[in-house]
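Data first, discussion second: the structure below is written as structure tokens.
Just so you know, all these numbers are worked out from the coordinates, no wet-lab data involved. From a predicted model like this one, the values you see are computed outputs, not experimental measurements. Every residue, glycine as well, gets a Cβ built from its backbone with ideal geometry; the counts of neighbours run over all protein chains shown.
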Amino acid sequence: MDRAVFSRLDGSGPAAYGPNMRKLLLTAWLLLALAAAGTAVEMTALPWTGDARAASMVYHGNQRSYIFHRPGCRYYNCKNCVVEFTSRQQALAAGFRPCKICKP
Ligand SMILES: [Zn+2]
């Protein structure tokens, strides 16, 4: 009886393993994609000595709440997000806090 239950639980092992494996594969794929994108940025940024990369990352700071967002955040283009920063350090130095949603 106990053994039967155990083997049934054991049998459910691979099913529980499935999503984890899929997540692992997805992570691996993402890392590969990021590495490929990184190489592409490196290559396209070369002629402009890194300007292209700096321009692609502009943070928006909210002039009222003093919270800054990175591109892609749903608050990135809010009406008070009119302060622009080209780096996270710049925003922090200006007294802005990173957004808790996009975590810039
Ligand atoms: Zn944000």
Checklist entry - For the pair Asn77 and Arg64, how long in nm is the line joining their label points, each one 7 Å along Cα→Cβ? => result 1.9 nm
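Give me the compactness ratio for the range 57-98, meaning the Cα radius of gyration over 2.2 N^0.38 Å. Spell out each step's value before the answer.
Values: Rg = 8.6 Å, N = 42, 2.2 N^0.38 = 9.1 Å.
With N residues counted in the range 57-98, Rg over 2.2 N^0.38 Å equals 0.95.
Could you pull out the trypsin sites (Lys or Arg not before Pro) across the range 65-104 that fall in loop regions by DSSP (anything but H, G, I, E, B) with no more than 16 other Cβ atoms inside 10 Å?
Details: sites: Arg74, Lys79, Arg88, Lys100; in loops: Arg74, Lys79, Lys100.
Taking the range 65-104 and a limit of 16 other Cβ atoms within 10 Å, the loop trypsin sites (Lys or Arg not before Pro) found are Arg74, Lys79, Lys100.
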Checklist entry - For Ile101 and Lys23, what does the FRET efficiency come to when R0 = 22 Å and r is the distance between their Cβ atoms, rounded to the nearest 0.05? => result 0.50
